[in-house]
Amino acid sequence: MTNKISQLTAAAGRAWRHAWARRLRVWAAVLLVSLTGVVIGTMLLAQSQIPVGPFRADMSISPSIQGGTEVDIPPLGSLHLDSHDGPIHLKVDLGSLDQQRTEALIDDPTAISAAGQSAVDDVTRGVLQLGLRALGAAIGCALILSALIFRNIRRVASAGALALVVTGGSLGLAAGTIRPDSISEPRYEGLLVNAPAVVGDARRIADNYGRYADQLAQLVSNVSRIYTTVSSLPVEPSGNTTRILHVSDLHLNPASWNVIKTVVKAWDIDAVVDTGDIVDWGSSAETTYVNSIGQLDVPYIYVRGNHDSSAIQAAVARQKNARVLDNATTTINNLTIAGISDPQFTPDKSETPAANDDTAAGSPLLNSGRQLATTIAQSKTKVGVALVHDPAMAPPLAGVVPVVLAGHTHKREVSLLSPQTTTTDEASSSPAPAPSAPTAQAPQPTRLLVEGSTGGAGLRGLEKEEPTPLQLSVLYFDENQTLKAYDDIQLGGTGESNVEMQRKVIGLEPEPTTDPSVFNGVTPGIRPSR
């Protein structure tokens, strides 16, 4: 046994001293030194400063796996764009403001538009300049570092060549994967009240998302207006756009009302829609919680959830601006909204449905969905949005209405529902649509938007290691009741002082199609465990 170990040790020693092994170690060392020089050079010297409108923009790149672009706009927050793939990350800091240019913008309002139009050329020139600087810095640092370590011209030249290949390849990959449309869907992090002004008007973005130059110009113009007025500026109103704030599952969280009030004011909301579970137990003692609805200056449209009792529904209905929908419709501007209450009252989260309700045919959730679909089909006006509490109620609405809003799951999800095929029995048992309902005669795809919990799941949101975030969304509809875009807003544990907002423009990226017979792998009629 000892002899075998000695033989193996001797063989390993000969392999280690072999010429090819020595060459492999040398090349590995050259590669390591070269990569180290690339990282050091990029981090320390790959920086550039260019004028963009009234700003002195500091641009820098750094190694990254995911890539992307970050635009810092202190003290308002930052925009994150999925502009390209790795391995480099572009950062633009607009913290430095040129006083003379800012005064010129104040004296001449038309200069703001001119600054926005020149932004594309300014940014393009700055990115090219930054790329050349990064390439030179990476190669230079790799050469200097390898010269200090190896003191061999051949190895130094090899390290420089490797730095050229790595840096040039990284820049080429970023340039080859650039996504100009990403500026239409920024993710905002910062103060909640500044989000609409920084991101811009959703209708304009939705109608022109293919024009990269226009989007960048609009972004620069918005930020310019903010700085020149020394405070946030409201989103420019669009007369034919209806803004709907979708909230759900408040679960008695008093902090939710302050968040809702802030968003209503900052986004210039036309109406709030609540898809249920506004309280926890549905008791009479909880009815005072809904009194905050009357303090909102916009209509509050509500459907009952499985935690809400009839007493809670009646308390909501008593609010001066509330509209309770229970298999009924209402209209906000040109947008007609239909809704129906959850057919089950199960405030005890451990409660499960009866066995005879587990089948799709006997599901009260599906039956309520069919009932609302019939109401929509017989409506004299086109219905653009349907409200339900549980997503399991949505399948019968596929092909009947363009958009369905739901809650219940405390998890934000978006899916497309395919129209269902009506069987002979269903056709004979369902009433015929009214002649004046053209939307019911041609099946159309239905987008199902499930909201997270605007109340952070109430007290049960504290059961996890990290509190459940507060989530709500702003939806933008045009004059034809078409959903153009929506902003997903999420607040963390620091309350409304810190917010993350992600804009989604309809049509920019494909969305998954969900079989209407099964939602999230759960048969409709069977409530998922919590």
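The values are calculated or read from the model by the stated rules, or taken from the named source; none is laboratory data. A quick note: this is a predicted structure, and the numbers were derived from the prediction, not measured. Because the Cβ atoms are built from the backbone with ideal geometry, glycine has one as well, and the counts that use them run over all protein chains shown. What goes into the accessible areas is simple: the full protein's heavy atoms, side chains included, and nothing from ligands, DNA or RNA. Shrake-Rupley method; radii C 1.70, N 1.55, O 1.52, S 1.80 Å.
Just a few scattered comments:
- Unsatisfied cross-links (Cα-Cα over 26 Å) in the set LYS261/LYS484; LYS320/LYS411; LYS265/LYS484; LYS91/LYS504; LYS91/LYS261; LYS261/LYS380: LYS320/LYS411; LYS91/LYS261; LYS261/LYS380
- Solvent exposure of ASP270, expressed as accessible area, is near 50 Å², computed with a probe of 1.4 Å over the protein chains only.
- Gyration tensor verdict on segment 271-345 (Cα atoms; rounded if a/c is under 1.5, prolate if a/b is larger than b/c, oblate otherwise): oblate
- Put simply, the amide H of ALA322, placed in the peptide plane, has neighbours under 5 Å in TYR300, leaving out anything fewer than 5 places away on its chain.
- A simple rule links phi to the HN-Hα coupling: the Karplus curve 6.51 cos²θ - 1.76 cosθ + 1.60 with θ = phi - 60°, which for segment 257-263 gives 5, 5, 5, 4, 4, 5, 5 Hz, with x for Gly and Pro.
- Under 5 Å between amide hydrogens, built in the peptide plane, is the criterion, and for ARG56 it picks out SER96, LEU97, ASP98 among residues at least 5 positions away or on other chains.
- Each residue of segment 289-305 was assigned a 3J(HN,Hα) from its phi angle through the Karplus expression (A = 6.51, B = -1.76, C = 1.60, θ = phi - 60°), giving 4, 7, 5, 5, 4, x, 7, 7, 8, 10, x, 10, 9, 9, 10, 6, x Hz with x at Gly and Pro.
- Amide hydrogen neighbours beyond the local backbone of ALA328, cut-off 5 Å, H modeled: GLY339
- Using the Cβ-Cβ distance between GLU70 and ASN480 with R0 = 30 Å, the FRET efficiency computed as 1/(1 + (r/R0)^6) comes to roughly 0.25.
- Dimensionless Rg/Rh of segment 246-378 - Kirkwood Rh, Rg from C-alpha atoms: 0.99
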